[in-house]
1. Being in contact with a strand residue (DSSP E or B) (Cβ under 7 Å, 6 or more places away or on another chain) and modelled with pLDDT under 75 is the filter; apply it to the stretch 105-129 and report the residue that is surrounded by the most Cβ atoms within 10 Å (Cβ to Cβ).
2. Can you name the helices (runs of 4 or more DSSP H) wholly within the stretch 152-247 that have at least 1 residues being out of contact with any helix residue (DSSP H, G or I) (no Cβ under 7 Å at 6 or more places or on another chain), closer than 30 Å to LEU310 by Cα and of a type outside the set (Val, Ile, Thr)?
3. May I ask you to say which residue of ILE241, ILE180, ILE160 is at pLDDT 85 or above, among the hydrophobic types (A, V, I, L, M, F, W, C) and closer than 14 Å to LEU128 by Cβ?
4. With the condition kept exactly as written, say whether any residue in the stretch 308-315 is farther than 21 Å from LEU68 by Cα and either of a type in the set (Phe, Trp, Tyr) or modelled with pLDDT under 95 (or both).
5. Being hydroxyl-bearing (Ser, Thr, Tyr) and either over 13 Å from GLY196 (Cβ atoms) or modelled with pLDDT under 85 (or both) is the filter here, so list the residues in the stretch 143-157 that pass it.
6. For the subset of the stretch 217-238 comprising residues that are surrounded by fewer than 14 Cβ atoms within 10 Å (Cβ to Cβ) and aliphatic (A, V, I, L, M), which member is modelled with the lowest pLDDT?
7. Being of a type in the set (A, V, I, L, M) and surrounded by fewer than 19 Cβ atoms within 10 Å (Cβ to Cβ): is that true of ILE147 here?
Amino acid sequence: MDRILSRTKGDRWIWLIVIMLSVISLLAVYSSTGTLAYKRGVGAESILMKHLFMMIGGVALMYISHKLDYRYYAGISKLLMLITIPLLLYTLLFGSHVNDASRWIVIPGTGFTFQTSDLAKLALITYLARTLSRKQENIKDVKQSFIPIMGSVCVVFILIALANLSTALMLFGVSILLLIIGRISVKQIAVVCLAGAVLLTGVVLLGPRRKTYISRINTYMHPEKVDVDKSFQSDHAKIAIATGGVFGKGPGNSTERNFLPHPYSDFIYATIIEEYGLFGGFAIIVIYLFLLYRCIKIVTKAPKAFGALLAAGLSFSLTIQAFANMAVAVGLGPVTGVPLPLVSMGGTSILFTSVAFGIILSVSRHIDENEENKKVVVGQIIEA
């Protein structure tokens, strides 16, 4: 154990959060994949093992990411943006078409699918952190600073929103938070918000998934006026939460997992509450809030603007996504396809979430090393 701890650096509490969420994920996924296993003609254990291997791969990526000096991600961000935009375009035109949305690219020869919006989130956040930190001296300059920032945010937003509006809106919100932290003027932020509102209106009213978006909003706003089929998911999520009560039905005793279309991903939080009760649901909320608290401490201690902006952007992205997923599960928002970070079953979502955790830990590791070096210097001065 000491050897493992010596190799893992950064905030120990974040490592503990990762372990806790991983254990919760294994329990919840195993419990909620019985129907999926039956449809595929395989055992639930085989799906669990696949999920376990994906999580092990995520931990490996997290370890590698946290060992790499976070300052290298500034250079990597440019490459990521150059790759991301063509990939998003390719996904819209030639990606796998599921539920009127092209979100995935099939990796040739593997059978695995790759959701490009997961890469886009990481690329845009790292790019904004880099640009905002390097343009601080002329941050209010429209040509040199504002136009490149606004252009990158709006281009990525529209390319994601055409197929995945919920993810695009959350990423846009994170971007606005970074602009505020990065000292962009109120007028310029207002211009970005106005541009985002225009693009959003165009996507909702004219985009390829406009009927789906309008239907989901109507279902959420007026559930009593829509067909039962349209409110099927949210209705059974509410049943799962209501029947779970305070203490839950116990691990593996969920019944709504047999009715919910995605009890192992989009509605895994409802499954957790049904089996572990309000205590289980509240514990998940506390874990993500504590994650945000630890990340904010990292942001306040970061010696460089890039590290602070990077940790802030990634932590906001993870926690906003988590609370968006939980809000949908309990009926506080229209149905979306947003997974619960590091808990929902998924492929690229787990991998890129793990990389995000690794980058945050890399910033934390750099802070710890700086503090240790200061202590050594002070000790040498005292001895001298």
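The values are calculated or read from the model by the stated rules, or taken from the named source; none is laboratory data. No experiment lies behind these values; they were computed from the predicted model shown. No Cβ is skipped: glycine too gets one built from the backbone with ideal geometry, and neighbour counts run over all protein chains shown.
1. Going through the stretch 105-129, the residues in contact with a strand residue (DSSP E or B) (Cβ under 7 Å, 6 or more places away or on another chain) turn out to be 105-107, 113-117.
Adding the requirement that they be modelled with pLDDT under 75 leaves 106-107, 113.
Details: VAL106: 13, ILE107: 12, THR113: 15.
Top of the filtered list is THR113.
2. Working: elements: 165-181, 186-206, 210-221, 232-244.
Where helices (runs of 4 or more DSSP H) fall fully within the stretch 152-247 and carry at least 1 residues being out of contact with any helix residue (DSSP H, G or I) (no Cβ under 7 Å at 6 or more places or on another chain), closer than 30 Å to LEU310 by Cα and of a type outside the set (Val, Ile, Thr), they are 165-181, 186-206.
3. ILE180
4. The answer is no; no qualifying residue exists.
5. Answer for the stretch 143-157, where residues must be hydroxyl-bearing (Ser, Thr, Tyr) and either over 13 Å from GLY196 (Cβ atoms) or modelled with pLDDT under 85 (or both): just SER145.
6. Per the stated criteria, the residue is VAL228.
7. Numbers: of a type in the set (A, V, I, L, M): yes; surrounded by fewer than 19 Cβ atoms within 10 Å (Cβ to Cβ): yes.
Here the answer is yes, as ILE147 does meet what is asked.
Here's the yes/no breakdown for (1) at pLDDT 90 or above; (2) part of a helix (DSSP H, G or I); (3) within 17 Å of SER265 (Cα to Cα):
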position	(1), (2), (3)
ILE4	no, yes, no
LYS9	no, no, no
TRP13	yes, yes, no
ILE17	yes, yes, no
VAL42	no, no, no
